[in-house]
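Enquirer: I have a structure I would like to understand better, so I am pasting it below and will then ask my questions one at a time.
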Amino acid sequence: MVDLESNRQYMIRARQVINATGVWTDDTQTLANERGQFHVRSSKGIHLVVPRDRIRSSSGIILRTDKSVLFVIPWGRHWIIGTTDTDWSLDKAHPAASQRDIRYLLDQVNSVLRVPLTEADVEGVFAGLRPLLAGESADTSALSREHAVAHSVPGLVVIAGGKYTTYRVMARTRSTRPSTAWVRPSTAKSPSASPTTYHCSEPKASGRWNARTQLAAESGLNESRIARLLNRYGSMIGEVLALIRDDPSLGVPLPAADDYLRAEVVYGTTHEGALHLDDVLCRRTRISIETFDRGTESCSEVADLMAPVLGWSDEQKAREVAHYLARVAAERESQSMPDDETADGARLGAADIVPVG
Ligand SMILES: Cc1cc2nc3c(=O)[nH]c(=O)nc-3n(C[C@H](O)[C@H](O)[C@H](O)COP(=O)(O)OP(=O)(O)OC[C@H]3O[C@@H](n4cnc5c(N)ncnc54)[C@H](O)[C@@H]3O)c2cc1C
C-alpha cells in the first residue's frame, strides 16, 4: 500500500480483504491479478444548489422526466436540484459537470417554475459517479442499482454496485460477513463473543436538543446557531463548544461563509481528519457549494485556522490556497464547456494537491 500523503510504502498482511472500490472496481480487480468478476459502469449525476429565496415553495418537488425523476429538495438555506444520469468513461476522480448537464437541470425545473432559474442563480454544482453493475443496456438509467458479491480469489471478497441507502444490507450480505478467521486470537477466545456483532454509536442528541437554550446561554451563541450545530454534530456538539470555550475567537462566523463558525474549521482538522484545505471547504463543510464565491473568499482564513493545527509553514499555506483557487477555477471552466470531453479536459487543468491513484 502507498500512503499518498507521504509517498511511503507499507506492506499490510490480512487474512481477508474486501474490495469495495465503487467505480474503481474494474481497476482494482486487475490489481489482484484476477479475472474480472464484475464490470462496473460509471453513471454521472450532477446537482445544482440555489438559494432558498429563488424558488417560492414551501415543500420539495418531484418531477417525472423522460428518463428518470428530478428532485427539488429544500436543504438549509438552499435548494438542491438533481439529478442527471449519463454514462461517464473519463477521469473517475474528478467527474466534471458540463454546461449541457446544468442546462438540462435548469430546463427541467423551469418547466414547473413561474419565475425561471438562470445560470446566475446557481451557487454551487457538484458531480458524482454511481457504480452500476454493467448489464445489457446502453443507457445507464436502465441499469440495476442492486449489488453483487463474489469471492474471486481465496481471501478476497469483491462487492460492487448498490447504493448508500442499502449499505447496511450490503454489509450484512452473508458472504461479506467477517468470519472467526478475521478475529485476532486474543478476542476470539470466548465462544460467546460474536465476531459478527458490531456496535454503531448513533449520536443521541435528543437530550442536548432539549437543552439548547441552556447551551446557548453557556456558550454565548444564539439558539439558532446552537440548533444548527446540533444538526451537524449531534451529541458531539460539546467538543465544538469546548474549542470555543478555550478560545472565544473561534465562536465567530467565517467572514464569507457565515453559516459556519471558525471553530468548525478547527474541529474538522482536529477531530475529523481534514489534511488539506479542500477537505474542509468541500467535505467537512459544504462551503464550496453553498456560497456564490465557492469558498474562494474564505479559503485564506480557513488556511490560517488549519495551519497551526497541521504545522503548515507559510509556504505550505500559500500552496494550499493556490491549489484551492485553481481547483475552483477549473471547475468553473468545466461547467462552461459544452460536453463531457471538454468539461473533463478543463477540470483536469487543476492537479490534485495529493495525486490520486
Ligand atoms: C448523483 C448521485 C445520486 C445518488 N443518489 C443516491 C440516492 O439517492 N440514494 C442512494 O442510496 N445512493 C445514491 N447514490 C449512489 C451512492 O452515492 C453510491 O452508490 C455510493 O457512493 C457508492 O459507494 P461505494 O462505497 O461503493 O463507492 P465509493 O464511495 O466511490 O468508494 C470507493 C472507494 O474506493 C477507494 N479506492 C479506489 N481505488 C482504490 C485502491 N486501489 N486502493 C484503495 N482504495 C481505493 C476510493 O478512494 C473510494 O474511497 C447516488 C450517486 C450519485 C452520483
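Enquirer: Quickly run through the stretch 136-150 and pick out the residues that are at pLDDT below 65 and over 24 Å from the mean Cα position of the chain (by Cα).
Expert: Glu136, Ser137, Ala138, Asp139, Ala142
Enquirer: Related question: Please go through the stretch 18-63 and pick out each residue that is farther than 30 Å from Ile81 by Cα, surrounded by 14 or more Cβ atoms within 10 Å (Cβ to Cβ) and not small (Gly, Ala, Ser).
Expert: Correct list: Ile18, Asn19, Asp26, Thr28, Gln29, Glu34, Gln37, Phe38.
Enquirer: Just to be sure before I move on: is Trp88 among the aromatic types (Phe, Trp, Tyr) and more than 13 Å from the ligand (Cβ to nearest atom) in the structure I sent?
Expert: Working: among the aromatic types (Phe, Trp, Tyr): yes; more than 13 Å from the ligand (Cβ to nearest atom): no.
In short, no.
Enquirer: Tell me yes or no: at least one residue of the stretch 273-284 is under 30 Å from Arg52 (Cβ atoms), open to solvent by less than 20 Å² (accessible area, probe 1.4 Å) and of a type in the set (Val, Ile, Thr).
Expert: yes
For (1) assigned to a loop (DSSP other than H, G, I, E, B); (2) near the ligand (Cβ under 10 Å from one of its atoms), each residue gets a yes or a no:
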{"position": "Met11", "(1), (2)": "yes, no"}
{"position": "Asp26", "(1), (2)": "no, no"}
{"position": "Ile46", "(1), (2)": "no, yes"}
{"position": "Ser59", "(1), (2)": "yes, no"}
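Enquirer: Working only within the stretch 261-289, note down all residues that are closer than 16 Å to Gly76 by Cβ and either out of contact with any strand residue (DSSP E or B) (no Cβ under 7 Å at 6 or more places or on another chain) or in contact (Cβ under 8 Å) with a residue 60 or more places away in the chain (or both). So that I can check it myself, show each step before the final result.
Expert: So in the stretch 261-289, the residues closer than 16 Å to Gly76 by Cβ come out as 261, 264, 284-289.
Across the stretch 261-289, the qualifying residues are Glu264, Arg284, Arg286, Ser288, Ile289.
Enquirer: Hey, another quick one. Confirm whether Gly162 is more than 15 Å from the ligand (Cβ to nearest atom), modelled with pLDDT under 90 and outside the structural domain of Ala329 (by TED's automatic domain parsing).
Expert: On the way: more than 15 Å from the ligand (Cβ to nearest atom): no; modelled with pLDDT under 90: yes; outside the structural domain of Ala329 (by TED's automatic domain parsing): yes.
It is false that Gly162 is more than 15 Å from the ligand (Cβ to nearest atom), modelled with pLDDT under 90 and outside the structural domain of Ala329 (by TED's automatic domain parsing).
Enquirer: Please name all residue pairs, on different chains or six or more residues apart, with Cβ atoms under 7 Å, provided the first residue is in the stretch 145-159 and is on the phi > 0 side of the Ramachandran plot and the second residue is open to solvent by 50 Å² or more (accessible area, probe 1.4 Å) and not in a loop (DSSP other than H, G, I, E, B).
Expert: Gly155/Val17
Enquirer: Sticking with this one: Out of the strands (runs of 3 or more DSSP E) lying entirely within the stretch 65-165, which hold 3 or more residues that are open to solvent by 40 Å² or more (accessible area, probe 1.4 Å) and within 17 Å of Ala20 (Cα to Cα)?
Expert: Numbers: elements: 69-75, 78-82, 124-133, 147-153, 156-161.
Result: 147-153.
Enquirer: Still on this model: Considering Glu218, Glu239, Glu297, which residue is under 30 Å from Ala329 (Cα atoms), of a type outside the set (A, V, I, L, M) and not assigned by TED's automatic domain parsing to the domain that holds Phe126?
Expert: Details: Glu218 fails: under 30 Å from Ala329 (Cα atoms); Glu239 fails: under 30 Å from Ala329 (Cα atoms).
Just a single option satisfies the conditions, and that option is Glu297.
Enquirer: In this structure, is Thr118 of a type in the set (Ser, Thr, Tyr), away from the ligand (no atom under 16 Å from the Cβ) and modelled with pLDDT of 95 or more? Step through it out loud before you land on a result.
Expert: Details: of a type in the set (Ser, Thr, Tyr): yes; away from the ligand (no atom under 16 Å from the Cβ): yes; modelled with pLDDT of 95 or more: yes.
Against the criterion (of a type in the set (Ser, Thr, Tyr), away from the ligand (no atom under 16 Å from the Cβ) and modelled with pLDDT of 95 or more), Thr118 qualifies.
Enquirer: Residues that are acidic (Asp, Glu) and outside any helix (DSSP H, G or I): does the stretch 277-293 have at least one?
Expert: There is at least one residue in the stretch 277-293 that is acidic (Asp, Glu) and outside any helix (DSSP H, G or I).
The values are calculated or read from the model by the stated rules, or taken from the named source; none is laboratory data. All values reported here derive from a predicted model rather than from experimental measurement. Counting neighbours? That spans all protein chains shown, and the Cβs are built from the backbone with ideal geometry, glycine included. Surface accessibility is based on the protein's heavy atoms, side chains included, excluding ligands, DNA and RNA. Shrake-Rupley method; radii C 1.70, N 1.55, O 1.52, S 1.80 Å.
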